[in-house]
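Engineer: Input: one structure, supplied below.
What follows is calculated from the coordinates using simple rules that are stated; it is not laboratory data. Please read these numbers as outputs of a predicted model, since none were measured by experiment. Virtual Cβ from ideal backbone geometry, glycine too; neighbours counted across all protein chains shown.
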């Protein structure tokens, strides 16, 4: 188990936060030539959250939650969307209305407007496309922090494959690429200390053929696996 903490994270974590601050300001490189550079506004905009909105709504309703922390929210773009169309076919004035919440707090250490660490707890904590961006030695304390901020539930999704974005140091943005089984073991080790908290984690892997040496062998698809606990 890692001995790093929020107060004393690894040097790699500190470097990572600085790099993400740069990406938020300047945009990110992509592996695809047709999308070689994302603007600052497009980089970590937070709009991918909408894909998970119905699942989060179900958790909110099941647990009777009224307040929410979006941990690693990026720029929080989804919360500024109006008259949103959702994956379940519904439309809503905005996410706060759709979820029936009293308040939503955004936190992201790499985006200055949301960089202040919360001091209070929340009914629910969500973490969308974030954990795979955390340096591996720091994941135990970050997961502990997610559960520590929650009174009722935690929801997170995790990509178990390389990203299309690259960091300023040239490395892939998904710095921790591990199998679903590896993640499940780590999650259980932390969750067992918070038995009063419900959780749902969605783990995604890429399957099927891929492009090699200029030859197209077919489009890869995402395969999803979920683990959950109802407290």
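Engineer: Taking only Cα atoms of segment 101-231, what ratio of Rg to Rh do you get with Rh as the Kirkwood inverse-distance radius?
Structural biologist: When Rh is taken as the Kirkwood radius, the ratio is 1.01.
Engineer: Another question about this same structure. Put a dot 7 Å past each Cα toward the Cβ at residue 8 and residue 112; how far apart are the dots in nm?
Structural biologist: 3.1 nm
Engineer: Taking the DSSP beta bridges in the chain as the whole, what percent of them are antiparallel, to the nearest 5?
Structural biologist: The antiparallel proportion sits near 45 percent.
Engineer: Still on this structure, please answer the following. When the helix-only estimate is applied to the chain (DSSP H runs of n ≥ 4, each -39,500 (n - 2.57), divided by the residue count), what is the mean residue ellipticity at 222 nm, nearest 500 deg cm²/dmol?
Structural biologist: Taking each H run of at least 4 residues, the total per residue is -7000 deg cm²/dmol.
Engineer: Using a basic spin-label model with each label point 7 Å from the Cα along Cα→Cβ, how many nm lie between residue 39 and residue 136?
Structural biologist: Here the answer is 3.8 nm between the modelled labels.
Engineer: Between residue 231 and residue 188, what is the label-to-label distance in nm when each label sits 7 Å out along the Cα-to-Cβ direction?
Structural biologist: 1.9 nm
Engineer: Would you mind computing the Rg to Rh ratio of segment 11-229 from its alpha-carbon coordinates, Kirkwood style for Rh?
Structural biologist: With Rg and the Kirkwood Rh in hand, the quotient comes to 0.95.
Engineer: Separate question: How much length, in nm to one decimal, is gained on full extension between residue 62 and residue 120, taken as 0.36 nm per residue of separation minus their Cα-Cα distance?
Structural biologist: Full extension of this stretch gives 18.7 nm more.
Engineer: List the relative contact order of the chain as a percent without decimals, with contacts defined as Cα pairs under 8 Å and 6+ residues apart.
Structural biologist: 18 percent
Engineer: Can you put 17, 125, 190 in order, fewest other beta carbons within 10 Å first?
Structural biologist: By the 10 Å Cβ count, ascending, the order reads 17, 190, 125.
Engineer: Using the Cα atoms of segment 144-186 to build a convex hull, what is its mean projected area in square nanometres?
Structural biologist: Reported value for the Cα convex hull: 4.1 nm².
Engineer: Of the candidates 22, 221, 195, which one comes out as most mobile in a Gaussian network treatment of the chain with C-alpha springs shorter than 10 Å?
Structural biologist: 221
Engineer: Got a sec? How would 48, 3, 16 order by Cβ neighbour count within 10 Å, fewest to most?
Structural biologist: Least to most surrounded, the residues fall as 3, 48, 16.
Engineer: Rounded to the nearest 5, what is the percent of antiparallel bridges among the DSSP beta bridges in segment 100-231?
Structural biologist: Around 45 percent of the beta bridges assigned by DSSP in segment 100-231 are antiparallel ones.
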